[in-house]
Amino acid sequence: MAIQTVDANTNQLLKSFEEMSVSQVDEAISNATSAFTEWKKTSYEKRADLLHKVATLMRDQKQYLAGLITMEMGKLIAQAEGEITLSADILDYYADHGAKFLADKPLAPEYGKAFIRYSPIGVLLGVEPWNFPFYQVARFAAPNIMVGNTVLVKHASIVPQCAIAIEDLFKEAGAPKGIYTNLLISGKRASGLVSDTRIKGVSLTGSEAAGASVASEAGKNLKKSVLELGGSDAFIILEDADMDKAVEWAVVGRINNNGECCVASKRFIAIESIADEFITKFKDKMAALVMGDPMDAATQLGPLSSEEAAVDLADQVQRSVDAGATVLLGGKRPDRPGAFMEPTILTDLHPGIPAYYEELFGPVASFYRVKDDQAAIDLANDSPFGLGGSIFTQDIERGKLLADKIDTGMVFINHPTWTQADLPFGGTKGSGYGRELSELGIDEFVNKKLIRIS
Ligand code: NDP
């Protein structure tokens, strides 16, 4: 894949970048390896100081950095600014809490005394996607730099300017050479790096295909991997839900980030008695969305990240319609330049239809009616994915009972699946394994060494 900035709003090529050569990548891995020998000896205070400095620089340059995000992948500018703030919050969170999370953990064995000491494992490779170009990197880099590991980041080929800007922030904050390195290379070459003996672990966020490629290399080479892949979150509306609130969040859950979120609400499942009311209100709000330039503050739905993404999504919709799905709203590419897709709602879906099992990465909602709670759970669980999910009800105990039965890594009651620094993030089934963020996110690439005293 060419490494390029293409304006998703116009499909104009703005800038091309040359891939790093084999010897440049080799040098980068060597630098990260040498940097590790020193970085692992530094104090938590020093590591926290670096993360705080990067966070401060991010906030200082918020407008500029948000502009890069919007230009390269089409996110609405206000949401891009929100992403910069969230990313800085994640850096601060690990700077503030990392030492506490990594403190010796006393054990109470039957014989002797023992404790667990946390230590870094070395150079890590992070393969990151374009949909949240700063946030995805922050949640990988911040905990691992705090642990004392050094990181190489292979970012998505369509966000090279964001990728370079993040590396520049670390340089500007005074990070020693090799602590954080951006690798301008293709995805295929990233998988090939996993076997390099100097690299000790790999974390990937992206598609199942990319995840499987990286994880199989990691498996062959006996290395730890963390995968955060796709999702097809169910958004369940029970008959006692606060309907207006449910509808508001349904729209946000589906079209936040122009619909390109792994944890977007994708399958809307309503109990029969309130299904008509929900779908009427949801359809009205989806139809009223203002589509346009993501730099314009009045825009509510921007383009997808690339023309290819829009073509693929329109094709999924068409294949679903050909297989018997009904289009309740939209269903086509609008007649305008750029990587746009109409807000769309599909219904009459069943397992033979592509949209039933496939992830829809854009503003396309699937709508289902069910007779009761059990049918809602069965449908929610009939998915290859297991990332997040939501339940809307005014009866929190009922919500908790249902949450327990959903086979995903996260369930939110009365809210779409969301993220913040102090909540763990990750999935089960085809959505991957391992966790990012919170205390759990600092725990993945550490040696938890037992020390026993007789
Ligand atoms: P990819 O999985 O292809 O891209 C994510 C990252 O993986 C990029 O850095 C990419 O590099 C890299 N990559 C691609 N192939 C390989 C490989 N064989 N080995 C190692 N790294 C690789 O996602 P796409 O951009 O193609 O999006 C396709 C679909 O993936 C989406 O429609 C969505 O379903 C899912 N996705 C999920 C995301 C999430 O947040 N969980 C985020 C993005 C996508 P390069 O850009 O150079 O190809």
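Things to note:
- Residue ID - nearest to residue 357 (Cα to Cα), chosen from residues in segment 203-234 that are among the hydrophobic types (A, V, I, L, M, F, W, C) and assigned to a loop (DSSP other than H, G, I, E, B): 229
- Filtered residue count, segment 26-85, keeping only those that are of a type in the set (Ser, Thr, Tyr) and within 18 Å of residue 148 (Cβ to Cβ): 6
- Some residue of segment 268-287 being near the ligand (Cβ under 9 Å from one of its atoms), open to solvent by 10 Å² or more (accessible area, probe 1.4 Å) and at pLDDT 95 or above: no
- Filtering segment 393-406 for residues that are touching a Gly at 6+ places or on another chain (Cβ under 7 Å) and either charged (D, E, K, R) or open to solvent by 50 Å² or more (accessible area, probe 1.4 Å) (or both) leaves an empty set.
- The one condition in (1) closer than 19 Å to residue 130 by Cβ; (2) without any contact (Cβ under 8 Å) to a residue 24 or more places away in the chain; (3) more than 16 Å from the ligand (Cβ to nearest atom) that residue 311 fails to fulfil: (3)
- In segment 340-372, the residue that is surrounded by the fewest Cβ atoms within 10 Å (Cβ to Cβ) out of those that are in a strand (DSSP E or B) and away from the ligand (no atom under 16 Å from the Cβ) is 347.
- Test set (1) more than 9 Å from the ligand (Cβ to nearest atom); (2) under 18 Å from the mean Cα position of the chain (by Cα); (3) farther than 20 Å from residue 387 by Cβ - residue 245 fails condition number: (2)
- Single condition residue 140 does not satisfy, out of (1) closer than 30 Å to residue 450 by Cβ; (2) out of contact with any strand residue (DSSP E or B) (no Cβ under 6 Å at 6 or more places or on another chain); (3) buried (at least 24 other Cβ atoms within 10 Å of the Cβ): (2)
Condition check ((1) among the hydroxyl-bearing types (Ser, Thr, Tyr); (2) in contact with a Lys or Arg (Cβ under 8 Å, 6 or more places away or on another chain); (3) at positive phi) across all residues:
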site: 330; (1), (2), (3): no, no, yes
site: 337; (1), (2), (3): no, no, no
site: 347; (1), (2), (3): yes, no, no
site: 350; (1), (2), (3): no, no, no
site: 357; (1), (2), (3): yes, no, no
site: 366; (1), (2), (3): yes, yes, no
site: 379; (1), (2), (3): no, yes, no
site: 393; (1), (2), (3): yes, no, no
site: 398; (1), (2), (3): no, no, no
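- Candidate set: segment 218-238, residues that are surrounded by fewer than 19 Cβ atoms within 10 Å (Cβ to Cβ) and touching a residue at least 12 places away in the same chain (Cβ under 8 Å); chosen: the one farthest from the ligand (Cβ to nearest atom): 224
- Contact map, segment 11-31: residues that are under 16 Å from residue 196 (Cα atoms) paired with residues that are of a type in the set (Ser, Thr, Tyr) and open to solvent by 70 Å² or more (accessible area, probe 1.4 Å), Cβ distance under 7 Å, separation 6+ or inter-chain. No pairs are found.
- Considering 213, 207, the condition of being over 30 Å from residue 345 (Cα atoms), of a type outside the set (A, V, I, L, M, F, W, C) and within 12 Å of the ligand (Cβ to nearest atom) is satisfied by 213 alone.
- Within segment 88-112, considering residues that are at negative phi and in a loop (DSSP other than H, G, I, E, B), the one nearest to the chain's Cα centre (by Cα): 102
- Criterion: open to solvent by less than 50 Å² (accessible area, probe 1.4 Å), near the ligand (Cβ under 9 Å from one of its atoms), free of Cβ contacts under 8 Å to residues at least 60 places away in the same chain and at negative phi - qualifying residue of 191, 186: 191
- Members of segment 314-328 found to be outside any helix (DSSP H, G or I) and surrounded by 14 or more Cβ atoms within 10 Å (Cβ to Cβ), listed by number: 323, 325, 327, 328
- Counted residues, segment 423-433 - those being within 14 Å of the ligand (Cβ to nearest atom) and either closer than 19 Å to residue 91 by Cβ or open to solvent by less than 20 Å² (accessible area, probe 1.4 Å) (or both): 5
- Meets criteria (open to solvent by 10 Å² or more (accessible area, probe 1.4 Å), within 17 Å of residue 363 (Cβ to Cβ), modelled with pLDDT of 95 or more and assigned to a loop (DSSP other than H, G, I, E, B)) for residue 311: no
- Checking segment 84-94 against the condition returns a match, with at least one residue being touching an Asp or Glu at 6+ places or on another chain (Cβ under 8 Å) and more than 16 Å from the ligand (Cβ to nearest atom).
- In this structure, residue 172 does not qualify as in contact with a strand residue (DSSP E or B) (Cβ under 8 Å, 6 or more places away or on another chain) and among the charged types (D, E, K, R).
- Any hit, segment 166-177, residues being among the aromatic types (Phe, Trp, Tyr), in contact with a Phe, Trp or Tyr (Cβ under 6 Å, 6 or more places away or on another chain) and open to solvent by less than 20 Å² (accessible area, probe 1.4 Å): yes
- A single member of 245, 200, 177, 188 is part of a strand (DSSP E or B) and either within 20 Å of residue 425 (Cα to Cα) or among the basic types (Lys, Arg) (or both), and it is 200.
- Residue match in segment 43-59 (condition: open to solvent by 20 Å² or more (accessible area, probe 1.4 Å), of a type in the set (D, E, K, R) and within 25 Å of residue 310 (Cβ to Cβ)): no
The values are calculated or read from the model by the stated rules, or taken from the named source; none is laboratory data. Keep in mind the model is a prediction, meaning the values are calculated, not measured. All Cβ positions, glycine included, derive from the backbone under ideal geometry; neighbour counts span all protein chains shown. Please note that ligands, DNA and RNA were not included when accessible areas were found on the heavy atoms of the full protein model with its side chains. Shrake-Rupley method; radii C 1.70, N 1.55, O 1.52, S 1.80 Å.
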